[in-house]
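Down below is the structure, laid out as C-alpha cells.
Each value in this text was obtained by applying a stated rule to the coordinates, not by laboratory testing. A quick note: this is a predicted structure, and the numbers were derived from the prediction, not measured. Neighbour counts run over all protein chains shown; Cβ positions are idealised from the backbone, glycine included.
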Amino acid sequence: MIIYNVTIKVEHSIAGKWLDWLKDEHIPEIIATGCFTHAVILHLVEADDAEGITYAVQYHAPNKYQYDQYIEKYSVEMRKKGTEKWGSQFIAFRSVMQVVN
C-alpha cells in the first residue's frame, strides 16, 4: 500500500471553511478518481499553530501504479482547484510512503 501524504498549513481566517471544503468536496473528488481507496485527515497536535493550523491528509492507494495514475492524470488539476479557491492562504508539501508491515 502507498500513502500519499499532503501536509498543509492553513491560515486561521479560513481554517473552518477550508476544512469543510476538504471534507465535502476535495477529498471526495480525489477518491472519485479511483486511484485511492480512502483518505484520513489528521491535525498535527505538536505543530506551531501561530501562523495557521497544520493538517495532514493521507490518501491510501493499493499500489504504486494507482498513485502514479493520480499524479499523471489528476494531480495538476486538483492542486489548481485548491489554489484558485484559497490562493496563498495555505501552503502544502507532499510525501509518498510505502507501508511495510
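Given the structure, is TRP86 over 25 Å from ILE2 (Cβ atoms), surrounded by 14 or more Cβ atoms within 10 Å (Cβ to Cβ) and under 12 Å from the mean Cα position of the chain (by Cα)?
Working: over 25 Å from ILE2 (Cβ atoms): yes; surrounded by 14 or more Cβ atoms within 10 Å (Cβ to Cβ): yes; under 12 Å from the mean Cα position of the chain (by Cα): no.
So TRP86 fails the test.
Which residues, counting only those in segment 1-53, are over 14 Å from the mean Cα position of the chain (by Cα) and charged (D, E, K, R)?
GLU11, LYS17, GLU46, ASP48, ASP49, GLU51, listed by residue number.
Taking VAL96 as the residue in question, decide whether it is closer than 19 Å to ALA15 by Cβ and under 15 Å from the mean Cα position of the chain (by Cα).
Values: closer than 19 Å to ALA15 by Cβ: no; under 15 Å from the mean Cα position of the chain (by Cα): yes.
Answer is no for this residue.
Can you name the residue in segment 58-94 that is part of a helix (DSSP H, G or I) and hydroxyl-bearing (Ser, Thr, Tyr) and is also nearest to ASP20 (Cα to Cα) among such residues?
The residue in question is THR83.
Which of (1) surrounded by 11 or more Cβ atoms within 10 Å (Cβ to Cβ); (2) touching a strand residue (DSSP E or B) at 6+ places or on another chain (Cβ under 6 Å); (3) not charged (D, E, K, R) is the odd one out, the single condition HIS38 does not satisfy?
Just one mismatch for HIS38, condition (1).
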